[in-house]
Amino acid sequence: MKGQLTLFVTPTLEKAGCRRRTRTSAADNDEYFTCRRDRVTKRNRLMTARYYYWTELHRRRFDDTLRILADREFFIEERTIEKALLEQDDYYRELIDTKATKRQLRRIYPGFDWA
């Protein structure tokens, strides 16, 4: 190893130019969430509202409703839905007590079909 010369070649870097986009900040209202926990909570509330919609307004069975929510609407495991429903039990009871209508649900969550 004595007497050997090792060459280190560093590549030349070219300037990338103006490819970067400017970052936009989220609006300061309740519709935008920055933390994962807030997004999960909002998803679980929506999932609870959809569960109420299918079970109370369309009179579907529990297992049919779980299948709809898991396979067609939220694309998550059924046990995740069950856990979310347990966490959002107060909200579900509130929907039942107020007898929320499709129109009220559409006003709260406009992104879903409440027909």
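The values are calculated or read from the model by the stated rules, or taken from the named source; none is laboratory data. Because the structure is predicted, anything quoted here is derived from the model rather than measured. Here the Cβ positions follow ideal geometry from the backbone for every residue, glycine too, while neighbour counts run over all protein chains shown. Areas reflect the complete protein model, heavy atoms only, side chains present, ligands, DNA and RNA absent. Shrake-Rupley method; radii C 1.70, N 1.55, O 1.52, S 1.80 Å.
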How much accessible surface area, in Å² rounded to 10, belongs to the heavy atoms of ARG45 with a 1.4 Å probe? 90 Å²
On the full set of protein chains, 1.4 Å probe, figure out the accessible area of PHE74 and give it in Å² to the nearest 10. 30 Å²
Label points 7 Å out from Cα along the Cβ direction at ASP90 and THR41: separation in nm? 1.0 nm
Give, in nm to one decimal, the length gained when the segment between THR80 and HIS58 is fully stretched (0.36 nm per residue of separation minus the Cα-Cα distance). 5.7 nm
Cα-projected label distance for GLN104 with THR34, points at 7 Å along beta-carbon direction, nm: 3.4 nm
